[in-house]
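Accompanying notes for the structure given below.
The values are calculated or read from the model by the stated rules, or taken from the named source; none is laboratory data. All values derive from a computational prediction rather than experimental measurement. Counting neighbours? That spans all protein chains shown, and the Cβs are built from the backbone with ideal geometry, glycine included.
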Amino acid sequence: MSLADLTITDAAAGLRAGSHSSVDLTEAVLERASMTEAEVHAYLTIDREAALDAARAADAELAAGEDRGMLHGIPIALKDNMCQRGVETTAASQILAGYRPPYDATVVTRLRDAGAVLIGKANLDEFAMGSSTENSAYGPSRNPWDTGRVPGGSSGGSAAAVAAGSALGALGSDTGGSIRQPGSLCGVVGMKPTYGTVSRYGLIAFASSLDQIGPITRTVDDAVAVLESISGHDPLDATSWAGDYPDLTSEIDAGVAGKRIGVVSEFAGEGYEPAVTGALSHTLDQLSDAGAEVVEVSLPTVELALSAYYLIAPAECSANLARFDGMRYGLRVDGETTEELMARTRARGFGPEVIRRILLGTYALSAGYYDAFYGQAHKARTVLRTEFAAAYEKVDVLMSPTSPTVAFPFDAKSDPLSMYLSDVCTIPSNLSGDPAISVPVGLDGRGLPIGVQVMAPAMGEPVLFGVAKTIERLAGFDARPAMVEELA
Amino acid sequence: MSVGWEPVIGIEVHVELATQSKMFCGCAVSFGEAPNTNVCPTCLALPGALPVTNGKAIEWIIKIGLALHCEISEWSVFHRKNYFYADLPKNYQISQYDVPVCHDGWLDIDVDGETARIGIERAHQEEDTGKSLHMGEGGRIHAATETLLDFNRAGVPLVEVVSKPDIRSAAQARAYAQTLRQVIAELGVSDARLEEGSIRFDANISVRQGPDAEFGTKVEIKNMNSFRSLEKAVDFEIKRQIAELEAEGTIIQETRHWDEEAAVTTSMRTKEGSSDYRYFTEPDLVPLVVTPEWREHILSTLPELPHQRKDRYLALGVDTQTALALSSADTALRSLFEDTVGAGADAKAAANWITGEVVAWMRRESVDTIDVDSASVAEMIGMIDANELSASAAKEVLDGILRGEGTARAVAESRDLIQMTDTGAIESAVDSVLADNPDAVERYRAGEQKVVGFLVGQVMRATQGKADPKAVNGLLREKLS
């Protein structure tokens with residue numbers, strides 16, 4: 001087994017036991033990338049020299065007894081919508097081709113402070129809009145389990161890197177499922193924290209009220225380790241939670257005995273692959289056997305969540321992406337007037353899905369339509385939150401498939417609506433702001449990974465991780481993509 | 001112009017707050033620096049940057065709201081106002097829409113001794129834009145060959161104060177603007193300088209036939225850079241609209257530009273079918289909460305404002321016009337007044353001397369500020385009361401005080417201006433004048449009353465002008481009868 005396939009937990013233990021160095025880990029990951037990238041294309045940028053410098057620095061510190069914790073010396077990938085000083089950051093858009101931010105996102109600062117080794121910038125759907133990375137202006141990433149299939153999205157590059165061994169862990173961002181769905185499709189853990197607990201400062205915004213950064217890792221413990229280092233109040237983000245934060249590990253080994261688990265009854269039926277619903281039932285049976293009480297819970301408003309999301313997210317993005325006008329940075333296409341310059345720059349710089357959502361959002365906010373669209377969507381969001389809150393009066397966590405399907409072939413969902421349905425199970429947690437996680441539990445008949453989703457109330461990370469870890473243990477999922485098996 | 005037209009005017013005022021840092025980032029608020037030096041990821045709208053509300057700016061808009069007798073919203077929100085413009089980095093302005101921090105207040109203004117109460121619709125918090133510098137062809141946008149952008153001003157806290165359409169004349173419009181500027185300046189929350197654009201006025205004007213008619217179509221006018229041009233522009237626009245309507249034309253809803261040189265308003269753009277700003281709640285910021293405790297605390301820090309000061313001066317016995325002038329006079333004059341009264345002078349006399357002779361002296365000497373010992377002014381007033389100084393002598397004493405020649409008494413003595421109060425000395429001067437002018441005495445006794453004037457003059461000459469002419473007059477008549 002290559003060092004590139006270690007969990008963060010094991011790699012960290014090995015660093016302290018002297019069985020390998022951070023340079024060893026980093027070199028293993030870079031070597032893996034050199035073998036897989038031509039096929040997987042998980043990265044837009046790999047910063048080899050900077051990564052090795054950081055690894056050497058981490059080794060020196062650890063040797064000197066300066067231990068920054070679990071991520072110290074661990075190679076981590078960043079989704080390319082997080083600003084890293086001096087490193088090209090494009091959000092997979094032509095409009096930011098060549099753009100090098102003059103500052104670090106707060107999560108980047110926190111990863112540096114934790115001693116992590118930043119390997120590079122992972123691919124995504126342009127501006128995180130999509131569920132397959134097919135919307136990347138720089139070409140899609142491919143699923144390491146089957147390179148004829150998508151890795152999911154929008155954090156598909158991050159998930160593919162973790163699955164392929166070209167990073168031990170990664171950061172993704174999740175606006176409607178963009179961490180969890182690719183996590184599920186790539187057979188790794190993807191976790192969206194409670195809104196406000198991880199700073200958005202330096203995250204290129206898609207939909208500000210929904211965006212949340214979180215970890216993509218191989219295990220639940222690894223997700224806890226990454227989240228611990230990136231979460232916490234940030235005065236640079238006004239929506240950052242300034243109160244107390246729970247101890248993420250307080251229930252990690254508590255098991256599920258006596259826990260009440262609600263299964264969302266709306267997330268089943270047409271469009272759900274039998275293997276996916278089967279995997280969920282099997283997991284629920286295991287949890288029940290382990291002492292949990294499994295009950296059905298109906299959340300009728302989740303049926304409206306997708307519609308509400310596709311009004312709120314485009315509305316916010318129509319303003320968030322207005323700053324890309326060719327004036328101050330990024331692509332500029334000249335014109336006779338300022339207006340023409342802006343229009344041409346945007347027409348050339350944005351891809352079709354981004355333009356579709358900007359137009360959708362602009363329309364939803366326009367005079368005469370606001371009440372019918374954006375206003376109604378907000379009402380639905382409020383009702384949904386109330387429904388979730390009521391459900392959590394009765395159960396500790398809610399569960400569902402993460403994605404209705406396993407990884408799908410490229411071009412299989414060229415119709416935007418069918419693509420949007422990929423996120424039907426994940427979107428509600430973004431609208432409610434609550435934490436949720438996808439845990440891999442098995443493979444379908446074709447050998448493609450399947451994940452299940454656990455959702456918890458806001459600040460319910462401890463119980464979320466406790467249940468997720470139990471699922472992980474019961475599933476005993478240890479399969480790896482064939483390409484990794486061959487290389488390892 | 002036919003009788004019966006009534007102008008209806010509302011004024012929007014943009015006030016740049018003089019906070020240390022910008023509205024949503026830590027960049028300095030500072031003017032006249034090299035372009036694009038006070039900028040950061042947030043105010044340049046770099047990808048990923050986020051706004052954080054400046055608490056001091058919120059404290060200051062609440063101050064403004066309280067000074068304008070507004071209700072303060074315990075809970076308000078920021079909105080995004082979306083429009084594309086090169087000097088607006090995010091291509092949306094963070095502003096407020098349906099729930100401003102301050103609403104429903106009023107401001108009293110005085111025009112020709114009449115007080116009018118102008119309603120305040122709202123005061124909301126927003127941020128300023130950058131500046132476009134059009135290069136070549138005289139800096140006009142349409143002919144410019146190049147446009148440079150300076151973002152130093154982008155994100156500077158801006159408070160917009162919107163009046164109700166309660167203003168009825170150009171003179172009132174000017175008085176409203178001046179009074180509001182005075183309040184803002186005294187709160188110390190803005191430089192409040194028109195020439196530097198730290199306070200800017202737009203006026204919405206319509207006319208209607210009498211106070212009970214429906215509002216007419218309104219026109220917004222911009223680019224008034226002084227109170228005088230505001231008054232002239234409003235006056236011009238009122239007349240233009242009346243002329244249009246009387247020619248049986250109609251008023252187009254539009255924005256018009258005041259051309260200072262030509263002294264006319266010209267059409268900038270029509271409002272019909274214009275911008276839809278697509279306001280929606282700013283998701284990067286949380287709602288603004290103003291606790292009653294915070295509101296009370298800010299209220300307790302408000303300085304005395306002009307209208308309160310005017311009332312206090314009236315109560316001290318100052319007459320209305322003088323109280324009005326003095327209450328909005330600059331700080332140096334006001335403290336001179338307060339200190340002079342504090343030193344024991346009669347308030348009415350002190351106010352009259354300061355708003356009259358002191359101001360006239362400053363104008364004559366072309367000075368903006370004075371450094372004067374209030375005790376000397378009080379002493380001078382005391383000497384007038386004690387008949388030691390005549391009115392004309394007092395003016396000279398004041399001149400000496402203002403020139404720093406010493407106390408009132410010292411000036412009066414060195415300039416030899418003290419009035420003779422020794423009745424014995426005056427009496428002997430009268431006696432010798434009567435003795436020296438027997439024919440004048442004759443003529444008076446023969447009924448020629450006016451000869452007294454001549455005799456008074458003689459006595460004044462004999463006393464080198466230091467005798468009180470009234471006392472001399474009385475004494476002469478007594479001796480001649």
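Any residue in segment A:272-282 that is in contact with a helix residue (DSSP H, G or I) (Cβ under 6 Å, 6 or more places away or on another chain) and more than 12 Å from every other protein chain (Cβ to nearest Cβ)? No: zero hits. Being free of Cβ contacts under 8 Å to residues at least 40 places away in the same chain and either more than 14 Å from chain B (Cβ to nearest Cβ) or not in a loop (DSSP other than H, G, I, E, B) (or both): is that true of A:K413 here? So A:K413 fails the test.
Please determine, by comparing only the residues of segment A:443-480 that are of a type in the set (D, E, K, R) and farther than 17 Å from A:P151 by Cα, which one is surrounded by the most Cβ atoms within 10 Å (Cβ to Cβ). The residue in question is A:E461.
Could you tell me whether any residue of segment A:198-217 is among the polar types (S, T, N, Q), touching a helix residue (DSSP H, G or I) at 6+ places or on another chain (Cβ under 6 Å) and away from every other protein chain (no Cβ under 13 Å)? Yes, some residue in segment A:198-217 is among the polar types (S, T, N, Q), touching a helix residue (DSSP H, G or I) at 6+ places or on another chain (Cβ under 6 Å) and away from every other protein chain (no Cβ under 13 Å).
So is B:L149 at pLDDT below 90 and in a strand (DSSP E or B) or not? No: the conditions fail for B:L149. Residues in segment A:58-70 that are within 14 Å of A:A116 (Cβ to Cβ) and surrounded by fewer than 16 Cβ atoms within 10 Å (Cβ to Cβ): A:D67, A:G69. Per the listing B:K218, B:K232, B:K239, the residue uniquely surrounded by 15 or more Cβ atoms within 10 Å (Cβ to Cβ), outside the structural domain of B:Q308 (by TED's automatic domain parsing), at pLDDT below 95 and under 23 Å from B:S267 (Cα atoms) is B:K218.
Pairs please, first residue from segment B:99-112 and surrounded by fewer than 20 Cβ atoms within 10 Å (Cβ to Cβ), second anywhere and hydroxyl-bearing (S, T, Y), Cβ atoms under 7 Å, 6+ apart in sequence or on different chains. From segment B:99-112, the pairs are B:V99/B:S73; B:V99/B:S76; B:H103/B:S73; B:D108/B:T115. For segment B:24-59, the set of residues classified as in contact with a helix residue (DSSP H, G or I) (Cβ under 8 Å, 6 or more places away or on another chain) and more than 19 Å from A:R328 (Cβ to Cβ) consists of B:E59 only. Only one entry in B:A360, B:A345, B:A435 is of a type in the set (A, V, I, L, M, F, W, C), closer than 25 Å to B:S327 by Cβ and surrounded by fewer than 16 Cβ atoms within 10 Å (Cβ to Cβ), namely B:A360. Of B:E427, B:E442, all but one fail to be free of Cβ contacts under 8 Å to residues at least 40 places away in the same chain and either part of a helix (DSSP H, G or I) or not hydrophobic (A, V, I, L, M, F, W, C) (or both); the exception is B:E442.
Among the residues of this structure, A:L171 counts as one that is within 14 Å of chain B (Cβ to nearest Cβ), closer than 26 Å to A:I471 by Cβ, in contact with a Pro (Cβ under 8 Å, 6 or more places away or on another chain) and not in a loop (DSSP other than H, G, I, E, B). Residues of segment A:369-406 that are of a type in the set (D, E) and at pLDDT 95 or above: A:E387, A:E393, A:D396. Within segment A:283-330, being within 10 Å of chain B (Cβ to nearest Cβ) and part of a loop (DSSP other than H, G, I, E, B) holds for A:F324, A:D325, A:G326, A:M327, A:R328, A:Y329, A:G330. In the condition set (1) away from every other protein chain (no Cβ under 14 Å); (2) under 19 Å from B:V289 (Cα atoms); (3) aromatic (F, W, Y), B:W106 is compliant with all but (2). Restricting B:L434, B:L389 to residues that are outside any helix (DSSP H, G or I) and either in contact with a Leu (Cβ under 9 Å, 6 or more places away or on another chain) or assigned by TED's automatic domain parsing to the domain that holds B:G474 (or both) narrows the list to B:L389.
A:S400: assigned to a helix (DSSP H, G or I) and buried (at least 19 other Cβ atoms within 10 Å of the Cβ), yes or no? Criteria not met by A:S400.
Rundown of residues vs (1) within 14 Å of chain B (Cβ to nearest Cβ); (2) part of a loop (DSSP other than H, G, I, E, B), yes/no style:
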{"site": "A:R100", "(1), (2)": "yes, yes"}
{"site": "A:R110", "(1), (2)": "no, no"}
{"site": "A:G120", "(1), (2)": "no, no"}
{"site": "A:T133", "(1), (2)": "no, yes"}
{"site": "A:G153", "(1), (2)": "no, yes"}
{"site": "A:A160", "(1), (2)": "no, no"}
{"site": "A:A167", "(1), (2)": "no, yes"}
{"site": "A:G176", "(1), (2)": "no, yes"}
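Can you tell me which condition A:T45 does not meet? The list is (1) within 14 Å of chain B (Cβ to nearest Cβ); (2) closer than 22 Å to A:G349 by Cα, and all the others hold. For A:T45, the failing item is (1). Inside segment B:51-77, can you point out the residues that are assigned to a strand (DSSP E or B) and either of a type in the set (S, T, Y) or within 14 Å of chain A (Cβ to nearest Cβ) (or both)? Of everything in segment B:51-77, just one residue is assigned to a strand (DSSP E or B) and either of a type in the set (S, T, Y) or within 14 Å of chain A (Cβ to nearest Cβ) (or both), namely B:S76.
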